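The structure appears right after this line, and notes come after that.
The values are calculated or read from the model by the stated rules, or taken from the named source; none is laboratory data. Since we're looking at a predicted model, the values are computed, not measured. Neighbour counts are summed over all protein chains in view; Cβ atoms, including those assigned to glycine, are modelled from backbone coordinates with ideal geometry. These accessible areas exclude ligands, DNA and RNA; they are computed on the full protein's heavy atoms, side chains included. Shrake-Rupley method; radii C 1.70, N 1.55, O 1.52, S 1.80 Å.
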Amino acid sequence: MRLQLFAPHNKKIQKTIAITGSKSETNRSLLLQALFPNIKIENLSNSDDGEVMQRGLAKSSGEVDIHHAGTAMRFLTAYFASQEGKQVVLTGSKRMQERPIKVLVEALQSLGADIQYEKEGGYPPLKIIGKKLKKSQVSLPANISSQYISALLLIAPSLENGLELELIGKITSVPYIKMTLALLEQIGVQTSFEGNKIKVAPKQKVEDNTLVVESDWSSASYFYSIAAMCEAGTEIQLSSYKQSSLQGDSVLAEIYKDFGVETTFSNNTILLKKTTEIKSEHLEYDLSNAPDIAQTIAVTCLGLGVGCHLTGLHTLPIKETDRLAALQIELGKFGATVDIDSESLTLQPQSNFNIGVAVDTYNDHRMAMAFGPLALKADFMVNDAEVVSKSYPDFWNDLKTLGFDIVES
Ligand SMILES: O=C(O)C1=C[C@@H](OP(=O)(O)O)[C@@H](O)[C@H](O)C1
Ligand SMILES: C=C(OP(=O)(O)O)C(=O)O
């Protein structure tokens, strides 16, 4: 589906949007619920990634296909490996078969797991024969994806002696590891994270518990970008959010102050207010703790004619697509000058945009959603716009609610 996007007539937007639960919290909560069935979950994500996780957890044999969902791939690998009596082939989309999983597989194998590669070594699909894992100590590299670490931590309370992880190298995407530990703590599991060591105590049963998933901050990023590109006086209210979030992407509230967007928290909502015009001509952020908002920020900067230097982006080449390469190409279509290396992106400021461009999305929901707000500055098209369903199926409808004119072309 190709969509043509046009800006709202009124660029002083005043609207309210309800966003569903964080996909990261959802997929962790679902796994914990599979281990401890007396856990209840509220405000689940309605994303494809949440759905494939639910379907995967319901299976105990045959093929489990998690499509593009990185968290489902990594979390289910650990889950099935530790479930005696279950035997599956865990697979995913063509891209998922290019996303590395060796670090996690080797860590699980050293704990005693039976996992074999069905095709290329180091990559899905995986043949997993579930076993009772008896060992409780493992070391693994921490600089490639935090999802390997979260996957191990999530199954840790169900292992007879719990788990001790030693993390090697610089730890990436740290807030996601802390989110996993916080959810374990919420269900009564003892954890500690000191230096490069994480410990999780075993737990056979947990008290009845309801995990209330906060709405998705990565999804909120697109509304920050819209607010930043709108006229002063714009107010966009989003629910349901907390001031003390488990999601690292809540750093948006700080970052977007630089773009003239103030955030007010009240009664489980955030109000994004565009107060002032941006003053800087060049912005710099280290996004190693919040990699999923890199595309949003790059496009906001393009829209506002601001230059930026984004660092800490070393995980972007192994996400849904190589996001650094994809950004360089697609920002370039609007006339932008973009330099990339293996962990950073630099955008030069510019004031005119090419119009009528067709943005390619590379099976990456965030390529589509990050560019969406740019319709406030230039009419353009988005190819394969349905990709948004990976994390935010209602995205285009919510943009229409804000007054964007969106038609299929
Ligand atoms: O644990 C999680 O829920 C996630 C961790 C991050 O991945 P990396 O740790 O691979 O950067 C993030 O990009 C992804 O969208 C979700
Ligand atoms: C990187 C992402 O997802 P995952 O790794 O879970 O596929 C994302 O949603 O931006």
Worksheet item: Take the residues of region 210-245 that are in a loop (DSSP other than H, G, I, E, B) and β-branched (Val, Ile, Thr): which is nearest to residue 390 (Cα to Cα)?
Response: 213
Practice prompt. Could you look through region 274-302, keep only residues that are part of a strand (DSSP E or B) and among the acidic types (Asp, Glu), and pick out the one that is farthest from residue 319 (Cα to Cα)?
Written response: 284
Discussion item. Every residue in region 351-361 that is touching a helix residue (DSSP H, G or I) at 6+ places or on another chain (Cβ under 9 Å) and either surrounded by fewer than 20 Cβ atoms within 10 Å (Cβ to Cβ) or part of a strand (DSSP E or B) (or both), please.
Written reply: 353, 354, 357, 358, 359, 360
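Please go through region 303-347 and give me each residue that is assigned to a helix (DSSP H, G or I) and touching a residue at least 24 places away in the same chain (Cβ under 8 Å), ordered by number.
303, 304, 316, 317, 318, 323, 326, 327, 329, 330, 331, 333
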Worksheet item: Picking from 273, 242, which residue would you name as being touching a residue at least 12 places away in the same chain (Cβ under 8 Å), surrounded by fewer than 22 Cβ atoms within 10 Å (Cβ to Cβ) and within 22 Å of the chain's Cα centre (by Cα)?
Response: 242
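Only one of 288, 215, 219, 280 is of a type in the set (Gly, Ala, Ser), open to solvent by less than 30 Å² (accessible area, probe 1.4 Å) and within 20 Å of residue 309 (Cα to Cα); which?
Sole residue among the options that is of a type in the set (Gly, Ala, Ser), open to solvent by less than 30 Å² (accessible area, probe 1.4 Å) and within 20 Å of residue 309 (Cα to Cα): 288.
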Worksheet item: What single numbered condition from (1) within 16 Å of ligand 2 (Cβ to nearest atom); (2) more than 22 Å from residue 68 (Cβ to Cβ); (3) surrounded by fewer than 24 Cβ atoms within 10 Å (Cβ to Cβ) fails to hold for residue 389?
Response: (2)
Worksheet item: If we keep just the residues of region 74-109 that are more than 16 Å from ligand 2 (Cβ to nearest atom) and assigned to a loop (DSSP other than H, G, I, E, B), which is least open to solvent (accessible area, probe 1.4 Å)?
Response: 82
Item to complete: State yes or no: is residue 370 among the aliphatic types (A, V, I, L, M), buried (at least 18 other Cβ atoms within 10 Å of the Cβ) and not in a helix (DSSP H, G or I)?
Response: no
Item to complete: Determine which member of the set 225, 215, 173, 219 is within 16 Å of ligand 2 (Cβ to nearest atom) and on the phi > 0 side of the Ramachandran plot.
Response: 173
Worksheet item: Can you name the residue in region 373-386 that is outside any loop (DSSP other than H, G, I, E, B) and not small (Gly, Ala, Ser) and is also surrounded by the fewest Cβ atoms within 10 Å (Cβ to Cβ) among such residues?
Response: 386
Practice prompt. Hey, can you tell me all the residues within region 143-162 that are within 16 Å of ligand 2 (Cβ to nearest atom) and assigned to a loop (DSSP other than H, G, I, E, B)?
Written response: 143, 144, 145
Response to the item:
If we keep only residues of region 58-73 that are outside any loop (DSSP other than H, G, I, E, B) and either within 20 Å of the chain's Cα centre (by Cα) or closer than 20 Å to residue 103 by Cα (or both), then the residue farthest from ligand 2 (Cβ to nearest atom) is 65
Response to the item:
Of the listed residues (46, 27), the one being open to solvent by 40 Å² or more (accessible area, probe 1.4 Å) and within 16 Å of ligand 2 (Cβ to nearest atom) is 46
